[in-house]
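Working notes, beginning with the structure itself.
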Amino acid sequence: MARKPNLLLCFDAFGTLFRPKHSVAQQYGDVARQCGLSSRLREEDVQPCLMAAMKAESKRNPNFGRATGLGATKWWTNVIHNTFAPLLAGTGASIPDDLAPRLLHRFATMDGYTLESPDLVSSLRSLKGTPPPAPPRTASVDGAASGQGVQRGPLYDQIVVGIVTNSDDRVPGILSSAGFAVSPLRYGTELGDPAEMTAIVDADGNDLTDWDIDFHCMSYDVGVAKPDLAIFEAADYMLPRVLDARSTAALSHAEAHQAWQKIYVGDEYAKDVVGSLSAGWNSVLLDHEGSGSDTHEGQAIPILQDVGETTTSITDLFKESPVLSVRSIKDLVRCLRGY
């Protein structure tokens with residue numbers, strides 16, 4: 001029997017795994033009012049000031065402040081202050097001391113976001129779990145057994161799940177607060193204690209057999225953003241580190257990358273699809289609307305749900321097109337699990 005391939009599955013974070021509960025400008029205004037500022041602060045007034053503050057801060061301190069040593073916390077504090085300063089000019093009001101800390105906390109946890117779906121954590125966790133039993137085969141009208149809906153069994157031997165995203169360093173904390181078991185492995189950061197990799201618990205302190213998220217590659221740490229090839233090369237670099245942590249025997253770079261299918265999932269064609277394809281990965285474009293409006297090389301991107309009934313695995317689909325579209329991560333997980 002041929003050996004099953006392994007899967008390196010990486011996700012974009014913002015816009016793919018989670019998105020703001022409401023617009024960021026609306027949430028800035030809501031928190032400002034909670035801090036005692038004027039109830040007349042409108043989202044349409046906050047939005048242009050927020051965009052201008054972010055643009056100016058990015059110019060002064062690129063990469064969320066990492067490039068100049070400022071750091072992300074101070075970077076966002078500056079953005080918050082410079083968003084509200086012009087809105088309060090001439091009013092006699094000052095920026096409340098607790099405004100920046102409250103906004104920083106809100107957007108560093110799930111307080112400011114909603115998950116792609118309510119069952120996202122359990123859905124992704126099921127990728128590494130035991131597949132449910134296959135539904136019974138049913139007879140067709142001609143007496144032959146129908147294979148429709150029959151589970152084909154796990155398609156992969158090992159699965160590594162990573163995050164590759166254009167973001168500052170808040171993403172691991174956000175995902176942890178959502179209930180994911182998040183590994184401490186992060187590009188550019190060394191573990192202080194190797195035992196951190198073996199103490200796997202979920203957000204409620206329950207013991208787990210594996211991390212939900214095995215590593216993070218954030219543009220803040222890598223120094224470049226998607227679609228730059230280097231951020232996907234950073235994910236390649238992290239794969240042997242994950243495998244080393246799972247095994248007592250160290251693996252060579254070649255051994256670590258042998259027979260691994262690499263799939264990247266994101267919601268933006270220009271950054272996510274273009275970047276991952278340039279790195280030699282397969283790509284999945286998340287399209288909740290299922291509009292099918294995106295194209296690749298002049299051809300409509302196949303929608304996974306539409307073509308999945310006629311093929312045996314996602315590997316077969318990628319032989320027909322290096323890019324697939326999917327309406328939900330749950331549908332992608334079902335395909336990756338082989339049923």
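The numbers here are math on the coordinates, done by the rules we state, and not lab data. Small disclaimer: the values here were computed from a predicted structure and weren't measured. Cβ placement follows ideal geometry from the backbone for every residue including glycine, while neighbour counts extend to all protein chains displayed.
Separation of region 218-243 and region 68-131, taken as the distance between their Cα centroids, equals 24 angstrom. Close amide H partners of Q261, meaning residues 5 or more places away or on another chain with modelled amide H under 5 Å apart, are N6, L7, L8. Where Lys and Arg each count +1 and Asp and Glu each count -1, what net charge lies around R106 among other residues with Cβ under 15 Å from its Cβ? Overall, the nearby charge balance is +1. Pairs with C-alpha atoms separated by more than 26 Å, drawn from the list K226/K262; K4/K271; K271/K330; K262/K330; K21/K330, are K4/K271. Straight-line reach from K59: taking Cα to Cα under 16 Å and skipping same-chain neighbours fewer than 8 places apart, the lysines in range are K74. Within region 1-119, the percentage of alpha carbon pairs spaced more than 22 angstrom apart rounds to 43%.
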